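All of the numbers you see were taken from the coordinates with simple rules; none came from a lab. Since this is a predicted model, take the numbers as computed values, not measurements. Methodologically, a virtual Cβ is constructed for each residue, glycine included, from the backbone with ideal geometry; neighbour enumeration extends over all protein chains shown.
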Amino acid sequence: MVGPVGPTDQQVFRWHPAARLFAADGREQGPDQPFAATLEDRPATAALAACLAGRGRGFRIGGHGPCDVMPGQFETLTGGSLAAPRRILRSQASWCASFTVNAGVFGLGPGCRVAVLGRLSHSLALYGALEGMCLGAEVHMLDGLRPDRQRAALAARAIQVIYATPAQLRLLVQAAGPSCPALRLVLVGGAKLDAALRDGMAAMAAQADVREFYGAAETSFITLTGAADPPDSVGQPYPGVDLSIRDSSGQPLGLGAEGEVWMRSPYLFQDYAGDDRGSARWADGWLCVGEIGVLTAGGLYLKGRAGRMVTIADRNVFPEQIEAFLATLPGVRQVAVVPRADAARGVVLVAVMQGDAAQTDAIMAAARTSLGPLIAPRALIWRLDWPVLPSGKTDLAAILDEMPPWP
């Protein structure tokens, strides 16, 4: 089913006269690329210039298969942490509407220096780059640089605004390098920030306002955090977004009740493209992407994706919440919690980690104490490398494929 059409359908992506575009090596890209409907995401500046040359014609960066989109539309990709990335069909107006909001809320526009860390095949990176170009900013594409060189570029080019995932920020913080005193705004999507990463960002960029937002490729912005929001919430509804928590039959629930998160806004996608029809559901102009949460007067709290939820001892358990706890413990750099079939218990959880394996006993003890013996991971499996997707998210499919057999 095709979603609702927003009120700004005539808005399309255009290269603002004041915008400037720079590659990772510092070379400037001009608006002289020929338009193409399907583009590779590298080199990033050439791809961005080529899609903007269309002045509203349909395009896709990354992905596979034919791109048969109408003028005023485009395709982007989901993050793909649970499955292969899906193709998303959107109106260009659905993003232009939030460009206008962010210009006012964050002061984005001519003279602002913006950096994007990820590949343009990831919707967050594509969004940040297009927003900057459409609003007249100076946009720096830093994809392809090592984290220490990204950090050095942020400092040397006096970057003021970055779009990034927590995984990308973690690599910046862990990399040796200069501080970034010019950085004033960090827009973070894709996952929750933990306290240690927040502290690391404060040390690297003391003046930066770190603003988390909750969203998805299908929805764009849903909520946005502010200084008054509790650290475990994902903030208040983004301007123009209506939220509703509903039970499994679609009936609305009251404040404080746990259920599926439904939203309505001018920023929603239109449909899936390609053969994979996706899992998002429409109902009378409202959309659900399968997230479970609780809405309170103080904001939205997420439990996790319904697709990752497991039942242990008649209790619904969300691996994302366990990952968030484990990420706060000493010695943990990366973590993914996955279910394994168990003959005695039905299902148990196992934590796959990157970091200091010498902390295994302390981590297991802390997990049992805080989470309880039924919910705490039954084992820790340590990895030297960490598989990630172009979006910067953990590649859960690769984690599962490469795990040793469970006893």
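Each helix, a run of at least 4 DSSP H residues, gives -39500 (n - 2.57); summed and divided by the residues of the chain, these come to -6500 deg cm²/dmol at 222 nm.
For the stretch 134-145, putting each phi into the Karplus relation 6.51 cos²θ - 1.76 cosθ + 1.60 with θ = phi - 60° gives couplings of 6, 9, x, 7, 9, 10, 10, 8, 9, 4, x, 7 Hz, in residue order, rounded to whole numbers and with x for Gly and Pro.
Give a quick list of trypsin sites (Lys or Arg not before Pro) in the stretch 247-317 that DSSP marks as loop, anything other than H, G, I, E or B, with at most 10 other Cβ atoms within 10 Å. For trypsin sites (Lys or Arg not before Pro) across the stretch 247-317 that sit outside H, G, I, E and B with at most 10 neighbouring Cβ atoms in 10 Å, the list reads R277.
Axis of helix 147-156 versus longest Cα principal axis of the chain: the two differ by about 40°, to the nearest ten degrees.
Pairs of Cα atoms under 8 Å, at least six residues apart: use those to get the relative contact order of the chain, whole percent.
Values: 902 pairs, mean separation 54.8, N = 407.
Over the chain, the number comes to 13 percent.
Ordering P407, A23, A280 by the projection of their Cα atoms onto the charge dipole of the chain, which places +1 on the Cβ of Lys and Arg and -1 on the Cβ of Asp and Glu, puts A23 at the extreme positive end.
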